[in-house]
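**Student:** Next up is a structure, given as structure tokens.
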Amino acid sequence: MPLDWLILGVVQGIAEWLPISSKSLLLLLEVRMGIGEAYALALVINGASSVAPLIYFNRAYLQPATLRFLAGSAVGTALVGLPMYVLGSAISGIGEPQLHMLVGMLLIVVGMALYQSKVGGKAPRMDIREGLLAGAFQGLAALPGVSRSGITVLYFLLRGYAMVNAVRTSFLMSPVANLGGLAIGLTSITPTWDVVAAFLTALLVSIATIGLLSNAAKKYGWILSVIIGALSVLVGVVLLYDEGQ
């Protein structure tokens, strides 16, 4: 079994939960590896990270409040995400580094504000209204350069939620955004053992990463917000540098 496919799975499992476009990373790697049907394959492997929260937080998805919240977030994501997807397709690559840096700087500012306030934050309201608002923010991730995880965590922090709750709820929302992409990808490619290996690797690494970030959010709170923000800014700087070459 080629090592390349396992690498794709590991990259997806880690990058999905960081302020980095995991699909863009996968596309870049697939092209350099000479793998065909790169976009459809990226959607399939990316879908593994949507299945991971369903496994990790399995009981949470059975709670009526969570289902109401996710129903609202699905509507909010669609209402904002579809126009943003059309706009993003028209301006692909334009302003992507700047958006990375903007979201990153906001996360750093919010993290420092959490430190100064010494307030632990509140638990999220799991209702349809909150889901609609959170989904609208998630829909912005259809724009190039906007990380789904970064923008949703930022939303919850701005709403005054504790970092651990912001990260957890962002995880819960992931299937709403990405399971559709998995379905589209599967209609475009014929799964092989290599694809299955990449998918399963991404799934296992995603579950492990969810656990690590959940524990980090619980222990470090505002520090994690600053670290995630700094990483997003760094990605933006690297992209901006590449554009200038």
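**Student:** Amide H neighbours of TYR161 under 5 Å, counting only residues 5+ apart in sequence or on other chains, H built in-plane at 1.01 Å?
**Tutor:** LYS122
**Student:** Between LEU67 and VAL10, with labels modelled 7 Å along Cα→Cβ, what's the label distance in nm to one decimal, could you check?
**Tutor:** 4.0 nm
**Student:** Explain nothing, just compute: Karplus ³J(HN,Hα) = 6.51 cos²θ - 1.76 cosθ + 1.60, θ = phi - 60°, for every residue of segment 163-173 in order, whole Hz, x for Gly and Pro.
**Tutor:** 4, 4, 6, 4, 5, 4, 5, 4, 4, 4, 7
**Student:** Between THR190 and MET105, take the C-beta separation as r, use R0 = 45 Å, and let me know the FRET efficiency to the nearest 0.05.
**Tutor:** Between THR190 and MET105 the formula returns 0.55.
**Student:** Counting other beta carbons within 10 Å of each residue's own, what order do SER73, SER188, SER214 fall into, fewest first? Walk me through the intermediate numbers first.
**Tutor:** Values: SER73 27, SER188 12, SER214 17.
Fewest to most other Cβ atoms nearby, the residues stand as SER188, SER214, SER73.
**Student:** Also, quick follow-up: Mind listing the phi-derived Karplus ³J(HN,Hα) values for segment 182-192, rounded to whole Hz, using 6.51, -1.76 and 1.60 with θ = phi - 60°, and x for any glycine or proline?
**Tutor:** 4, 4, 5, x, 5, 7, 9, 10, 9, x, 10
**Student:** Just to be sure I understand the model, the point goes 7 Å from the Cα along the line to the Cβ. What's the resulting ALA208 to LEU82 distance in nm?
**Tutor:** For ALA208 paired with LEU82, the spin-label model returns 4.0 nm.
**Student:** With Cβ to Cβ distances under 10 Å as the rule, what net charge do the other residues near ILE210 carry (K, R +1; D, E -1)?
**Tutor:** Summing Lys and Arg as +1 and Asp and Glu as -1 gives 0.
**Student:** Which net charge results when you count Lys and Arg as +1 and Asp and Glu as -1 among the other residues whose beta-carbon is under 13 Å from that of TYR61?
**Tutor:** Net charge around TYR61: +3.
No lab work stands behind these numbers, since they all come straight from the coordinates. Just so it is clear, the model here is predicted, and its values are computed rather than measured. Cβ coordinates were reconstructed from backbone atoms using ideal geometry, including for glycine residues, and neighbour counts include every protein chain displayed.
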